[in-house]
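Trainee: Structure in structure tokens, see below.
The values are calculated or read from the model by the stated rules, or taken from the named source; none is laboratory data. Predicted model, so just to flag it, every value in this text is computed and none were measured. Neighbour counts run over all protein chains shown; Cβ positions are idealised from the backbone, glycine included. We work out accessible area using only protein heavy atoms, side chains counted, and drop any ligands, DNA or RNA first. Shrake-Rupley method; radii C 1.70, N 1.55, O 1.52, S 1.80 Å.
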Amino acid sequence: MRMVDIIANKRDNKELSKEEIQFFVNGYTNGEIPDYQASALLMAVFFNDMTPDEAANLTMAMVNSGDQIDLSEIDGIKVDKHSTGGVGDTTTLVLAPLVAALDVPVAKMSGRGLGHTGGTIDKLEALKGFHVELSQDDFTKLVNENKVAVIGQSGNLTPADKLLYALRDVTGTVNSIPLIASSIMSKKIAAGADAIVLDVKVGDGAFMKTEEDAVKLAETMVRIGNDVGRRTMAIISSMEEPLGYAVGNANEVKEAIDTLKGEGPEDLTELSLTLASQMAVAGGKAKDLEEAREMLKAVIADGSALEKFKVFVNSQGGDGSLVEHPENLPAAEFHTEVVSEEEGYVEVIDAENIGVAASVLGAGRQTKEDEIDLSVGIMLKKKVGEYVNKGDVIAEIASSTKDVSDAARKIVSSYHLGSEQKQTKLIKKIITA
Ligand code: URA
Ligand code: CA
């Protein structure tokens, strides 16, 4: 087999065989196929798309390029959740204990934030002492005992994806639906869950700018997952504004705790219940979504979801007393109100730009090595659909430096005011096999 023929086939819009795809993935991973040939193939895929079979074969070739996590020692149906990247998205911190409170095992591998989106591990580290460096045995033991544990990303998971993602980043080929779908699904499949619930974000602040593209990405991922024997479903959710009010780390932990108490923001609560219901059904604990939702509301109301969060935090070295006393979470030195210079209804809050503002304050990293400041962040005071008068406070900045004019300017420019009172539809669609 020759790489040049594979490139020419894709250029001519012929379907690649499983063997051709494996040849490419293996050859690129072990360094035999050079970047220029891989780049040419990626660009041909970008223009000519992939069939569902090609996308599934590409996914599995990437899964097989490295280690796979074996969760077979964990009892029950293991359900994982993945979001395509939001701002202020604290749902994992809510979902993990919430679903575990129904005895659905949550064996989660999580990452750190990079760029304008936050990472679950960073947020959890705001709970003093919390760590994710667990051995495979301890991870398994904790999930069997408590039904929930979070581990950091293992070194040799889907090396093909790491290499291809880096190449896509510099060749203008990130935004291809089969390439995004296979990249995400390869990591989820290698991480070992039996069932996968996907949250595909749509809007200005997301990878997918239109609902049509988001649906296509979701359908591609759902099909890949089910084709390879993992029960997979997706919801399409709005990113026309950040989720909830808090964007940062400590403040998002506090928001997750509020939500587990039943006192969280409406949108974060609704998204959490929607995703958790899917997970409960996939995990075999509820016969349908309605029953799941009732069970989830019950474990919020009786305090067992919050108690589960405390057990989970303690089990990984964190200070569980912070769950009852979030006022002791890392606190920033300075608080600055941001006021509106105009008036009107909030129509859109540019989530990406808010994420960048939080990152500038120190809540996020520009490079993998950056240290982040867990105490800083942004609290939105107005959401889409609310009326703002000139001089009204639209957000509050928590910072470790006095001068926050840069972040404040970014926040002001993120608020798009108009004459129309818009309602965002949070959950746009649910895609199942
Ligand atoms: N996230 C991923 O993991 N891969 C992509 O290609 C895009 C988003
Ligand atoms: Ca939030």
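Trainee: Rg over Rh of the stretch 238-315, using C-alpha atoms and the Kirkwood radius, what does it come to?
Mentor: Details: Rg = 13.1 Å, Rh = 13.3 Å.
Using Cα coordinates only, the ratio equals 0.99.
Trainee: Express in nm, to one decimal, how much length is gained between ALA331 and GLN153 on full extension, taking 0.36 nm for each residue of separation and deducting their alpha carbon distance.
Mentor: Full extension of this stretch gives 61.3 nm more.
Trainee: Using packing as a proxy for protection, rank 176-187, 140-151 so that the peptide with the highest average count of other Cβ atoms within 10 Å comes first. Numbers along the way, then the final one.
Mentor: Numbers: 176-187: 24.5, 140-151: 20.8.
The peptides rank, most packed first, as 176-187, 140-151.
Trainee: From the square roots a ≥ b ≥ c of the eigenvalues of the alpha-carbon gyration tensor of the stretch 331-418, which class results: rounded (a/c under 1.5), prolate (a/b over b/c), or oblate?
Mentor: Details: a/c = 2.61, a/b = 1.76, b/c = 1.48.
The shape class here is prolate.
Trainee: Then there's this: Of all the Cα-Cα pairs you can form in the stretch 41-88, what percent are over 13 Å apart? Intermediate results must be reported in sequence, preceding the final value.
Mentor: Details: 851 of 1128 pairs.
Distances greater than 13 Å cover 75 percent of the Cα pairs.
Trainee: Could you tell me the relative contact order of the stretch 336-433? Use alpha-carbon pairs under 8 Å, at least six residues apart, and round to a whole percent.
Mentor: Normalised by residue count, the contact order of the stretch 336-433 is 44 percent.
Trainee: At a 10 angstrom cut-off on C-beta neighbours, averaged per residue, how do the peptides 88-96, 368-376, 228-236 rank from highest to lowest?
Mentor: Output ranking for 88-96, 368-376, 228-236: 88-96, 228-236, 368-376.
Trainee: Name the shape class, rounded, prolate or oblate, that the alpha-carbon gyration tensor gives for the stretch 79-325, where a ≥ b ≥ c are the square roots of its eigenvalues, rounded holds for a/c under 1.5, and otherwise prolate holds if a/b is larger than b/c and oblate otherwise. It would help to have the intermediate numbers written out before the result.
Mentor: On the way: a/c = 1.41, a/b = 1.34, b/c = 1.05.
Cα axes put the stretch 79-325 in the rounded bin.
Trainee: Rounded to the nearest 5, what % of DSSP beta bridges with both residues in the chain are antiparallel?
Mentor: Around 55 percent antiparallel, to the nearest 5.
Trainee: Give me the percent of the accessible area of the stretch 326-433 that comes from carbon and sulfur atoms, probe 1.4 Å, all protein chains in place.
Mentor: 45 percent
Trainee: If you average the C-alpha positions of the stretch 279-300 and of the stretch 229-244 separately, how far apart do those two centres end up, in angstrom?
Mentor: Taking the Cα centre of each part, the stretch 279-300 and the stretch 229-244 sit 18 Å apart.
Trainee: Name the residue from GLY86, GLY76, PHE23 whose Cα lies farthest towards the positive end of the charge dipole of the stretch 8-104, charges +1 on Cβ of Lys and Arg and -1 on Cβ of Asp and Glu.
Mentor: The residue sitting farthest along the positive end of the dipole is GLY86.
Trainee: Give a quick list of GluC sites (Glu not before Pro) in the stretch 257-355 that DSSP marks as loop, anything other than H, G, I, E or B, with at most 15 other Cβ atoms within 10 Å.
Mentor: Counting only loop positions with at most 15 other Cβ atoms within 10 Å, the GluC sites (Glu not before Pro) in the stretch 257-355 are GLU263, GLU333, GLU341, GLU342, GLU343.
Trainee: Students often get this wrong, so check it: of LYS188/LYS254; LYS78/LYS216; LYS147/LYS297, which have C-alpha atoms separated by over 20 Å?
Mentor: Over 20 Å apart, Cα to Cα: LYS188/LYS254; LYS78/LYS216.
Trainee: With every protein chain kept in place and ligands, DNA and RNA left out, what is the accessible area per residue of the chain? Probe 1.4 Å, answer in Å².
Mentor: Averaged over the residues of the chain, the accessible area is 42 Å².
Trainee: Quick check: from the Cα gyration tensor, does the stretch 3-48 come out rounded (a/c under 1.5), prolate or oblate?
Mentor: Oblate, because a/c is 1.5 or more while a/b does not exceed b/c.
Trainee: 5 Å is the cut-off here: which amide hydrogens, built 1.01 Å from N in the peptide plane, fall below it relative to VAL388, excluding neighbours closer than 5 in sequence?
Mentor: Here GLY344, TYR345, VAL346 satisfy the definition.
Trainee: Taking the Cα centre of each part, how many Å lie between the stretch 1-66 and the stretch 397-433?
Mentor: Measuring centre to centre over Cα atoms gives 39 Å.
Trainee: Only helical DSSP H runs with n ≥ 4 go in: add -39500 (n - 2.57) per run for the chain, normalise by residue count and round the 222 nm mean residue ellipticity to 500 deg cm²/dmol.
Mentor: One gets -13500 deg cm²/dmol as the mean residue ellipticity at 222 nm.
Trainee: How large are Rg and Dmax for the chain when calculated on the C-alpha trace, in angstrom?
Mentor: 21.8, 68
Trainee: Taking just the alpha carbons, could you work out the radius of gyration and Dmax for the stretch 202-332, both in angstroms?
Mentor: In order Rg, Dmax, the Cα atoms of the stretch 202-332 give 17.0, 48 Å.
Trainee: On to the next question. Taking 8 Å as the Cα distance limit and 6 or more residues as the minimum spacing, I'd like the relative contact order of the stretch 258-354 as a percentage.
Mentor: 18 percent
Trainee: On to the next question. Between SER413 and LYS261, what's the calculated FRET efficiency when r is the beta-carbon distance and R0 is 56 Å? Round to 0.05. Walk me through the numbers before you get to the answer.
Mentor: On the way: r = 34 Å, r/R0 = 0.61.
Between SER413 and LYS261 the formula returns 0.95.
Trainee: Further, regarding this structure: Between LYS422 and SER405, what is 0.36 nm times their sequence separation minus the Cα-Cα distance? Round to one decimal in nm.
Mentor: 3.2 nm
Trainee: Which aspartates and glutamates does LYS141 reach when only Cα atoms under 17 Å apart count, and residues fewer than 8 places away in its own chain are ignored?
Mentor: Cα-Cα hits under 17 Å: ASP70, GLU73, ASP75, ASP103, GLU133.
Trainee: Can you give me the angle between helix 136-146 and the longest principal axis of the chain, using Cα atoms only, in degrees from 0 to 90, rounded to the nearest 10?
Mentor: 50 degrees
Trainee: Counting only C-alpha contacts under 8 Å and six or more residues apart, can you give the relative contact order of the chain as a whole percent?
Mentor: Working: 943 pairs, mean separation 86.0, N = 433.
Rounded, it is 20 percent for the chain.
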